[in-house]
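Enquirer: Attaching a single structure in structure tokens format; questions to follow.
Please treat every number below as a calculation from the coordinates, not as lab data. Source: prediction; values computed, not measured. Cβ sites come from the backbone with ideal geometry, for glycine too, and all protein chains shown count toward neighbours.
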């Protein structure tokens, strides 16, 4: 009788455990989050730097179509980076701040895409205006996550040629 | 053709004005300075050239402003800086031909008036510096000092000597920045080593320096700093990495940040 009740209790426990919702992926601490994101950003930032090498000289020589090719590649890399970053669970206490940051980052992808299009169309002045916006928006993005101490995930103009 | 009785040309002009204002606002926004955080330390850097409109193909006289600072996130003391390196881009030219020089020993223990008496002809700029002083058994306090920059030559190299004077408490420092040329984006580097003998000054929290000097040499008007805006004809403005500052701290950390600025083509 006792063993029957123990088996029943065990079964009930197993059933309860099985019925319980799977625990949500634990939110990382800020340090863990930064480490994880830096791991994503580092190879992409270095790849961007390699891709954009010489873009400044091409703009200087008015070879805007050649510069556009480099910007297109950089846009692809950056778009992929932001997507991968967005998939990482965020620390609970920083959700609002990071939400704002990602708004800026997505705007950066749009800016890069537009610069590429304007360069391809040989619209130098429009590309120039968008570049001003790109730099300004990048600085705003950096200010939002200043306390995180990002390196590769922060905006650095020097990476773009 | 008009819109509600207003000539289209006028609307176009108004639109162009608004667009120009928007672009100016964007550029002005970025001119507030950039910040970077490394651990508990925040480093800020700002600066620019004046005028913004420069010739595309030859350098013209400009003034250069550079400011920056260090602060901690938790109000703990700012660490001692042992070395400062300021990088400036290649399109700037530092011209010292015919400009008198001043030696550090001429400025030691001088008041601002005394420094000018000794080296006025070598004056190339001015500024301000704030430092944090923490002495044992005393409340920490800040000192603010006026800076003067003088053209110099140290061990055969171009140099700038900063002379800082604080009236309260009275103190003077003389800090030489030696100029070195490097390959890469920041071709001109101004480097200063800050020995422990400088006392509380290396715990600086903010600095601001303006470099500008026009002078005549052999009948020709010259400028201490000249710069161009080497952009193609298709563009009216360009963007460049303007400056990079890096600080070596006494705990072995090295922190740095860079800023990008724009210039406009004058012709």
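Enquirer: Normalising by the residue count of chain B, find the relative contact order in percent from Cα pairs under 8 Å and 6+ residues apart. Write down the numbers at each step before the final one.
Expert: Working: 610 pairs, mean separation 72.7, N = 267.
It rounds to 27 percent for chain B.
Enquirer: So, by mean Cβ neighbours within 10 angstrom, what's the order for A:139-145, A:55-61 with the highest one leading?
Expert: Details: A:139-145: 19.3, A:55-61: 17.6.
Sorting A:139-145, A:55-61 by mean packing, highest first, produces A:139-145, A:55-61.
Enquirer: Something else: Taking the Cβ-Cβ separation of residue B:76 and residue A:122 as r and a Förster radius of 60 Å, what is the calculated FRET efficiency to the nearest 0.05?
Expert: Working: r = 54 Å, r/R0 = 0.89.
Between residue B:76 and residue A:122 the formula returns 0.65.
Enquirer: Ok, one more. Give the separation of the Cα centroids, segment A:71-150 to segment B:231-253, in Å.
Expert: First find each Cα centre; the distance between them is then 20 Å.
Enquirer: In nm, to one decimal, how far is the modelled label at residue B:93 from the one at residue B:193, with both set 7 Å along Cα→Cβ?
Expert: 3.2 nm
Enquirer: Place the peptides B:68-76, B:152-160 in order of packing, highest mean first, counting for every residue the other Cβ atoms within 10 Å and averaging per peptide.
Expert: B:152-160, B:68-76
Enquirer: How far is it, in nm, from the label point at residue B:253 to the one at residue B:121 when both lie 7 Å from their Cα along the line to the Cβ?
Expert: 4.6 nm
Enquirer: Based on the Cβ-Cβ distance from residue B:105 to residue B:236, what FRET efficiency comes out when R0 is 51 Å, to the nearest 0.05? Show your work: numbers first, answer last.
Expert: Working: r = 49 Å, r/R0 = 0.95.
Using R0 = 51 Å, I get an efficiency of 0.55.
Enquirer: While we're looking at this one, here's another question. Summing -39500 (n - 2.57) over the DSSP H runs of n ≥ 4 in chain B and dividing by its residue number, what mean residue ellipticity at 222 nm do you reach, to the nearest 500 deg cm²/dmol?
Expert: Working: 3 runs with 35 residues, N = 267.
Helices in chain B give a 222 nm mean residue ellipticity of -4000 deg cm²/dmol.
Enquirer: Whole percent per 5 Å bin, from 0 to the bin with the longest distance: what is P(r) over all C-alpha pairs of segment B:125-267?
Expert: Computed distribution, short to long bins: 2, 7, 13, 17, 19, 15, 11, 7, 5, 2, 1, 0, 0.
Enquirer: Then there's this: I need the fraction of alpha carbon pairs in segment B:129-197 separated by more than 17 Å, rounded to a whole percent.
Expert: Details: 1294 of 2346 pairs.
Here the long-distance tail beyond 17 Å is 55 percent of all Cα pairs in segment B:129-197.
Enquirer: Return B:62, B:81 ranked ascending by Cβ neighbour count within 10 Å, so the fewest neighbours appear first. Don't skip to the answer; put the middle values down first.
Expert: Details: B:62 23, B:81 19.
Ascending number of Cβ neighbours within 10 Å: B:81, B:62.
Enquirer: While we're here: Please report the spacing between the Cα centers of segment B:69-99 and segment B:134-149 in Å, no decimals.
Expert: If you average the Cα positions of each part, the centres end up 19 Å apart.
Enquirer: Using only the Cα atoms of the protein assembly as shown, build the gyration tensor, take square roots of its eigenvalues as a ≥ b ≥ c, and label the shape rounded, prolate or oblate: rounded if a/c is under 1.5, else prolate if a/b is larger than b/c, else oblate. Numbers along the way, then the final one.
Expert: Numbers: a/c = 2.49, a/b = 1.34, b/c = 1.86.
Oblate shape, in that a/c is at least 1.5 and b/c is the bigger or equal ratio.
Enquirer: Taking beta carbons within 10 Å but only from partner chains, what does the mean come to for residues A:59-68?
Expert: Rounded to a whole number, the mean comes out at 2.
Enquirer: Build a GNM of chain B with springs between Cα atoms under 10 Å: which of B:230, B:55, B:140 gets the top mean-square fluctuation?
Expert: Maximum fluctuation in the GNM of chain B, among the listed residues, is at B:140.
Enquirer: If I take R0 = 25 Å and measure r between the Cβ atoms of residue A:158 and residue B:181 in this structure, what FRET efficiency does the formula 1/(1 + (r/R0)^6) give, to the nearest 0.05? It would help to have the intermediate numbers written out before the result.
Expert: Numbers: r = 19 Å, r/R0 = 0.76.
Rounded to the nearest 0.05, the efficiency is 0.85.
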